[in-house]
Amino acid sequence: MTEAWRPDDDDDQQRRGAAGPVKVRVPAKINLHLGVGPVRPDGYHELTTVYHAISSYDELTARRGDTLTLTMAGEGTGELALDESNLVIRAARALAAYAGVPAHARLHLRKQIPLAGGLAGGSADAAATLVACDTLWGTNLSREELAAIAAGLGSDVPFLLHGGTALGTGRGEAVSPVLARPTTWHWVVAAADGGLSTPAVYRELDRLRAERDAPAPLGSPDSLLAALRQRDPKVLAAALGNDMQIAALSLRPSLAATLAAGEAAGALASIVSGSGPTCVFLAADEGHAGRIAAELASSSVCRTAYPAYGPVPGARVV
Ligand code: C5P
């Protein structure tokens, strides 16, 4: 019997990792149901949400390097800090620390998902970074390990690894898939000028609730989950709900006109996405979504509007 040859750890690391660039595509999320409960002792709100990944993507490319660097192009270039505060850099460092490897990579982000838009773009980029660096470095963590690192980076990050349509509980980080008949839903995404700060929208909701100026909390997502099991977009339209919408509208009253314009253009439902200010509209089919998007894009109620569909997979190497 011959003894196995054991390369030293560094060589082994290089061998197991990818030599060339690793490109990962990651979707945006919307919330079909966003039930916000009370503030917990840790400052987060207890959530019951139904996440849905849509075909609006960011792309993260990871290459071998001697240090950790980040460059970007597209949405938010010049506005987004590319330093240690960036969730992409934090994700790479968190993975490297967990796996015990040097955080060496040249990362490039191509952004399409608006910043601070309520579509979890930053969380999506963190999820993409975990998948890209795990492949580049050959660390090959399990989905469960990646999800645990993801949860430490932000409440929405585990879902963006997962994708599809999923129930989120806890502060949003505990994700379980929703069993639904395979159906593609067609949406229109209307991006706003300027973002909204997620903590500020949560604070506004708390304020409105304390002043009894907010509707009763949505509570259970059962009717939304039942609607997903049918294939009728009108049924889904009636079941969509977002507790944060009232707070986003309070901070950005002009969103009322955006929501109304979507309905006037024939959307089956209009909702604010997450903490906003992006609004999403449910369409009957792909052609309908295209017509609504064209009408909104040529109006003054949003910066841009485009069709998207869901569910789509989470962060994946392409
Ligand atoms: O988890 P993440 O870092 O994305 O959250 C950003 C902010 O949103 C938190 O600091 C908190 O203010 C607010 N938040 C919350 N309850 C949640 C999720 C987020 O209050 N379930």
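The values are calculated or read from the model by the stated rules, or taken from the named source; none is laboratory data. What you are looking at is a predicted structure, and each value in this text was computed from that prediction instead of being measured. So basically every Cβ, Gly included, is an ideal-geometry build from the backbone, and we count neighbours across all protein chains shown.
Overview of results
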read-out: Residue that is within 16 Å of the ligand (Cβ to nearest atom) and assigned to a helix (DSSP H, G or I), where the choices are 89, 113; value: 89
read-out: Residue match in segment 74-87 (condition: in contact with a Leu (Cβ under 6 Å, 6 or more places away or on another chain) and either without any contact (Cβ under 8 Å) to a residue 12 or more places away in the chain or on the phi > 0 side of the Ramachandran plot (or both)); value: yes
read-out: Exclusive hit being within 16 Å of the ligand (Cβ to nearest atom) and crowded, with 16+ Cβ neighbours inside 10 Å, set 101, 50; value: 50
read-out: Matching residues in segment 88-122 - criterion: being under 20 Å from residue 146 (Cα atoms) and in contact (Cβ under 8 Å) with a residue 60 or more places away in the chain; value: 90, 91, 101, 120, 121
read-out: Tabulated pairs, segment 36-49, first farther than 16 Å from residue 200 by Cα, second near the ligand (Cβ under 7 Å from one of its atoms) and hydroxyl-bearing (Ser, Thr, Tyr), C-beta under 8 angstrom, 6+ apart or interchain; value: 47/155
read-out: Residues located in segment 287-311, provided they are out of contact with any Pro (no Cβ under 7 Å at 6 or more places or on another chain) and part of a helix (DSSP H, G or I); value: 287, 288, 291, 292, 294, 295, 296, 297
read-out: Those helices (runs of 4 or more DSSP H) lying entirely in segment 134-250 with at least 3 residues over 28 Å from residue 58 (Cβ atoms) and within 16 Å of the ligand (Cβ to nearest atom); value: 198-210
read-out: Given (1) more than 14 Å from the ligand (Cβ to nearest atom); (2) in a loop (DSSP other than H, G, I, E, B); (3) closer than 23 Å to residue 199 by Cβ, index of the condition residue 41 fails; value: (1)
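Condition check ((1) surrounded by fewer than 14 Cβ atoms within 10 Å (Cβ to Cβ); (2) touching a residue at least 24 places away in the same chain (Cβ under 8 Å); (3) β-branched (Val, Ile, Thr)) across all residues:
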{"position": "178", "(1), (2), (3)": "no, yes, yes"}
{"position": "182", "(1), (2), (3)": "yes, no, no"}
{"position": "187", "(1), (2), (3)": "no, yes, no"}
{"position": "233", "(1), (2), (3)": "no, yes, no"}
{"position": "240", "(1), (2), (3)": "no, yes, no"}
{"position": "243", "(1), (2), (3)": "no, yes, no"}
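Conditions tested, residue by residue: (1) at pLDDT 95 or above; (2) hydroxyl-bearing (Ser, Thr, Tyr); (3) closer than 30 Å to residue 239 by Cα; (4) touching a helix residue (DSSP H, G or I) at 6+ places or on another chain (Cβ under 8 Å).
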| site | (1), (2), (3), (4) |
| --- | --- |
| 30 | yes, no, yes, no |
| 33 | yes, no, yes, yes |
| 37 | yes, no, yes, no |
| 51 | yes, yes, yes, yes |
| 62 | yes, no, no, yes |
| 70 | yes, no, no, yes |
| 83 | yes, no, no, yes |
| 87 | yes, no, no, yes |
| 90 | yes, no, no, yes |
